[in-house]
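Presented below is the structure to which this report refers.
The values are calculated or read from the model by the stated rules, or taken from the named source; none is laboratory data. Bear in mind the structure is a predicted one, so any value in this text is a computation, not a measurement. Here the Cβ positions follow ideal geometry from the backbone for every residue, glycine too, while neighbour counts run over all protein chains shown. SASA here: full protein model, heavy atoms, side chains in, ligands and nucleic acids out. Shrake-Rupley method; radii C 1.70, N 1.55, O 1.52, S 1.80 Å.
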Amino acid sequence: MACFLVGAAEAIVVTVASKAIKASESKKELAVRSKGGEKAVDALREKQGIPWSRKLMWLAYLLWGGAFLLAYEHVWHGEVVPWFPFLTAMNDPGDTAEMLHEMSTVGVTMAVIVTVVWALLCVAADLILKRRANSPLENA
Amino acid sequence: MTLLVTVFAAIICTILWYKRKNDEMRLGTLCFLFWGASLMWLGDAIFEYAELHEEFFTPAPADMLNDLYLGLSVVALAMILWLIILLIKDPKGAVRRALQKK
């Protein structure tokens, strides 16, 4: 009914967090660059691996993509309309209760699945980078 | 069926992303779009399966056709969105060059 709204809400939070973290990372890099130059920045990047802002943007893309395409599915099924209140379930208190129940069950499950898969993706990405850094070919 | 169509689209995009020579086509964006939707529909499918049990795997032909139509529409919409992002970001500078041409 409106389960995609949970994913969309998480996407907004994650996007804002990613932008804020990106700004703080840039500030940190600027400080390191002014102290130790470009080499110090490269060393910092190597030590940090994949920046958190980038990882969070992966999650944001997954959530925005999912929420957008699911919103279209809801339009297809007539659950979302282009006029107020936009959600047909809002016209009837019984339907509204059912919609809220669906959001708290299906919607939350969807958001959790996306977040868990993203967490696994981050771990895998870090492991791949570590493996490449330790490989003899890379160090040659 | 919608989940299946989206998963296939996600797998094909990921293979194309893996085989890419550079990131000029921004295939990663399309991968995230399809994988995000696939994971969310997987959540939906889990609840549907819990409700319908084995009936989940034997949908009515009319429902299947409608879901297939929806799945293909979703793929088309995602590709349109990706194309818009590609043209706006213009990583190859092709749009800029075309607009600057006298």
Label-point gap, in nm, between A:VAL112 and A:LYS35 - each point 7 angstrom along Cα→Cβ: 4.2
Under the Karplus curve 6.51 cos²θ - 1.76 cosθ + 1.60, θ = phi - 60°, whole-Hz ³J(HN,Hα) for the range A:72-80, x wherever Gly or Pro sits: 4, 4, 5, 5, 4, 8, x, 8, 10
Cα shape, the protein assembly as shown, gyration tensor, a/c 1.5 rule: prolate
Surface share of carbon and sulfur [accessible, 1.4 angstrom probe, percent] for the range B:2-100: 69
Estimated 222 nm signal from helices in chain A, with DSSP H stretches of n ≥ 4 weighted -39500 (n - 2.57), rounded to 500: -27500 deg cm²/dmol
Radius of gyration, Dmax [chain B; alpha carbons; angstrom]: 17.6, 64
Chain B, relative contact order [Cα under 8 Å, separation at least 6], %: 41
Heavy-atom accessible area ranking, 1.4 Å probe, most first, across A:PHE86, B:PHE57: B:PHE57, A:PHE86
Average Cα contact separation per residue, the range A:4-139, under 8 Å, 6 or more apart, as relative contact order %: 34
Local electrostatic count, A:THR115, Cβ distance below 15 Å [Lys/Arg +1, Asp/Glu -1]: 0
Chain A: angle of helix A:108-134 to the longest principal axis, Cα-based, in degrees nearest 10: 10
Accessible area buried between chains A and B, both sides summed, probe 1.4 Å, in Å² to nearest 100: 2100
J(HN,Hα) series, the range B:24-33, from Karplus relation 6.51 cos²θ - 1.76 cosθ + 1.60, nearest Hz, glycine and proline x: 5, 8, 6, 5, x, 4, 5, 4, 4, 4
Nearest 10 degrees, 0 to 90: helix B:61-89 Cα axis against chain B principal axis: 20
Amide H partners (placed H, <5 Å) of A:LEU87, local residues excluded: A:VAL81
In Å², nearest 10: area of B:ILE15 left accessible to a 1.4 Å probe: 100
Heavy-atom accessible area per residue - chain A, 1.4 Å, Å²: 61
Exposure of A:TYR72 as accessible area (Å², to 10), given a probe of 1.4 Å and all protein chains: 60
At least 40 Å² of accessible area lost relative to the chain alone, listed for the range B:37-60 with a 1.4 Å probe: B:LEU39, B:MET40, B:TRP41, B:ASP44, B:PHE47
Residues in the range A:53-82 that, when all protein chains are in place, have 40 Å² or more less accessible area than the chain alone would give (probe 1.4 Å): A:TYR61, A:LEU62, A:PHE68, A:LEU69, A:LEU70, A:TYR72, A:GLU73, A:TRP76
